[in-house]
Amino acid sequence: MAAALTLYRTTIGKKAVMAITGFIGYGFVILHMLGNLKIFEGAEGFNEYAHFLRTVGYPLVPERGLLWVVRIILLTAVILHITAAIQLTRIDWASRPKGYRQIRRKQATFAAMTLRWGGLAIFLFIVYHLAHLTFGLGIPNFGGHETAYQNVVASFSNPINVVIYIAGVGALGMHLYHGVWSMFQTLGLNGPRTDGLWRGLATLSGILLFLGFSAVPVAVFTGLVR
Amino acid sequence: MNLTLHVWRQKNPQSEGRFVTYQAKNIIPDMSFLEMLDVVNQELIMNGEEPIAFEHDCREGICGSCGMVINGYPHGGHRGTTACQLHMRHFKDGDTITIEPWRARAFPVMKDLIVDRSAFDRIIQAGGFISANTGAAQDANTILVPKQNAEAAMDAAACIGCGACVAACPNASAMLFTAAKIAHLGLLPQGQPERYTRVVRMVEQMDKEGFGGCTNIGECAAACPKEIPLDVIARMNRDLLVAKLKGVN
Ligand code: HEM
Ligand code: SF4
Ligand code: FES
């Protein structure tokens, strides 16, 4: 226990927390994206899926039991991820009080250089996303999870929501384009032999998550799903 | 060839410092970057002015003292090249060159282009000793080192402590330097007894010196004149996590 606390005092320890919580988030967004694609099964299939998320494990566990377990894990992960992000950012920004007149980068990617701003964009998007599709803010005739499909259609019939959504998942794709490779490096699970593998996984994840998430608003907006 | 230089001049650690423009005249393309500065300094001395202070010793890429940011690149940005190994033939007649010291809180500017890199020495000191028997050296063949490890340890040991990794890092992080030092001992049998205490102490000191954290951007390895690979950092992270799991404090 003492070792875990002293680990967190180091910059590497804070990064390890970011990597593990980031990994939890990564797992979640993959499942979330796959779940969202059920929209293409039509209203019944999608609403059934929304219902399933609430009853999975029942009667072994109380109704919504597993849903709440997952929600608490995710909330904890997000809080830890952001706390460590803010602490590290403050350390990083303090490390060069006087900058260069001219500095040029040799290989840094846009995704790597904008991790913090991308993270902030994702945070704002999560707040909007929960307020909008979970709590119904700005959705006419919002019927909670019983009408999940209809809520999605109502939301994305408005181009503003489509634009915000695609920007949000774009930021997520960028974040993970660097983040997925980075988390293996941070946890020491990278080496000369695995580097290409994790780089490839990160690139693929960023692109597929962006496309998979975007498919839903695009389908609604173009009338493919209605 | 003739060049225009914008050089950072700063009297001492306390003073403000500013860029001053100089003309470098009659530079021969075969000169090294430091020889070009020598020519400029010679003229400054003749005119009774203070020469530009820069650090140098070996002038062959092995001592690590000649660090400076040249046109936005630590050591000038050529692969595997220190500033002293940089030839003037990479520049064109009439070019303008901006020359600045390393910028990091942990590397305060002493004078002009010279920074104090003692923070690196303190990181090394924090690593401590390796256990070795005194008396007659044992037969070299009794300690077996796998070829791959020997190579990787040698590659890591090539670090000359120049600080270009810190200078290039957007977070002014010293992870590549520290990780190189940890890897070169950690890969060898002689480094095993203190392997985990060493990583804990060195990382602790690295953080204490005020270097930034690592966001795995990779500019350090790209700037490193000894081409230390980024994977030494993954190795250091792994060693630190294992050390903490073992309860080393
Ligand atoms: C679903 C949401 C998110 C996922 C899946 C995610 C995932 C990740 C991953 C995998 C990493 C790499 C960790 C490493 O290098 O070891 C990372 C890094 C980072 N994330 Fe996130 N993240 C999310 C949301 C956020 C939010 C909301 C913020 C900020 C408000 C944020 C800020 C950062 C920062 C600053 C880093 C870089 C940390 C560093 O290298 O020092 N992320 N993220
Ligand atoms: S790792 Fe490379 S750039 Fe950093 S101090 Fe060592 S030789 Fe210089
Ligand atoms: S003067 Fe020794 S490395 Fe440049």
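Any read-out appearing in this document is the output of simple, stated calculations on the displayed coordinates, not a laboratory observation. The model shown is predicted, which means the values in this text are computed figures rather than measured ones. So basically every Cβ, Gly included, is an ideal-geometry build from the backbone, and we count neighbours across all protein chains shown.
Projected label points at B:MET110 and A:TYR128, each 7 Å from Cα along the beta carbon direction, are separated by 5.3 nanometres. Full extension of the chain segment joining B:MET46 with B:GLU60 gains 2.3 nm, where the gain is 0.36 nm per residue of separation less the Cα-Cα distance. Of the residues B:MET202, B:MET110, the one with the fewest other Cβ atoms within 10 Å heads the list, and the complete ranking is B:MET110, B:MET202. Pairs exceeding a 20 Å alpha-carbon distance, out of B:LYS181/B:LYS226; A:LYS106/B:LYS226; A:LYS98/B:LYS181; A:LYS14/B:LYS208; A:LYS106/B:LYS111; A:LYS106/B:LYS147: A:LYS98/B:LYS181; A:LYS106/B:LYS111; A:LYS106/B:LYS147. Legend: calculated FRET efficiency, B:GLU151 to B:SER131, from the Cβ-Cβ distance at R0 = 22 Å, rounded to 0.05, equals 0.40. Using the Karplus relation 6.51 cos²θ - 1.76 cosθ + 1.60 with θ = phi - 60°, the per-residue 3J(HN,Hα) values for the range B:131-139 come to 6, 9, 6, 8, x, 5, 4, 6, 4 Hz, with x marking Gly and Pro. For A:TRP117, B:TRP8, the sequence from fewest to most other C-beta atoms within 10 Å is A:TRP117, B:TRP8.
Once the Cβ-Cβ distance of A:VAL56 and A:ALA3 is raised to the sixth power relative to R0 = 30 Å, the FRET efficiency obtained is 0.25. Shielding value for A:143-149 is 0, the average number of Cβ atoms from other chains within 10 Å of each residue's Cβ. Taking a point 7 Å from the Cα of B:ASP93 along the Cα-to-Cβ direction, the residues of the range B:1-24 with backbone N closer than 16 Å to it are B:1-4, B:24. Relative to the dominant Cα principal axis of chain B, helix B:118-127 is inclined by about 10°. Peptide B:201-213 has a mean of 4 when you count, residue by residue, the C-beta atoms of other protein chains within 10 Å of its C-beta.
The distance linking the range A:120-185 with the range B:134-167 is 51 Å (Cα centroid to Cα centroid, whole angstrom). Principal-axis analysis of the Cα atoms of chain B puts helix B:195-208 at an angle of about 40° to the longest axis. Here's the picture: a label point sits 7 Å out from the Cα of A:THR109 along the beta-carbon direction, and within the range A:174-198 the residues with their amide nitrogen under 12 Å of it are A:174-183, A:196-198. Counting Cβ atoms of other protein chains within 10 Å of each Cβ in B:73-82 and taking the mean gives 1. Legend: calculated FRET efficiency, B:ILE143 to B:VAL242, from the Cβ-Cβ distance at R0 = 22 Å, rounded to 0.05, equals 0.45. Near A:VAL152: Cβ cut-off under 15 Å, other residues only, Lys/Arg at +1 and Asp/Glu at -1. The net charge is -2. Give the relative contact order (percent, whole number) for chain B; include only Cα pairs under 8 Å separated by 6+ residues. About 20 percent, as a whole number.
Enter the angle in degrees (range 0 to 90, nearest 10) between the Cα long axis of helix B:147-157 and the first principal axis of the Cα atoms of chain B, meaning the one along which they spread out most. Taking the Cα atoms of chain B, the angle to B:147-157 is about 40 degrees. Just checking the listed ones, A:VAL70, A:VAL78, A:VAL153: in the Gaussian network model of chain A with Cα springs under 10 Å, the one fluctuating most is A:VAL70. Of A:LEU176, B:LEU44, the sequence from fewest to most neighbouring Cβ atoms within 10 angstrom is B:LEU44, A:LEU176. Here the peptides A:209-217, B:130-138, A:131-139 are ranked by packing, the mean other Cβ count within 10 Å, and the order with the highest first is A:209-217, A:131-139, B:130-138. Report the residue, chosen from B:LEU188, B:LEU37, B:LEU144, that carries the largest GNM mean-square fluctuation when chain B is represented by alpha-carbon nodes joined by springs under 10 Å. Greatest mean-square fluctuation among the candidates belongs to B:LEU144.
What net charge is computed for the residues neighbouring A:GLY42, neighbours being all others with C-beta under 14 Å from the C-beta of A:GLY42, Lys and Arg scored +1, Asp and Glu -1? So the surrounding residues net to -1.
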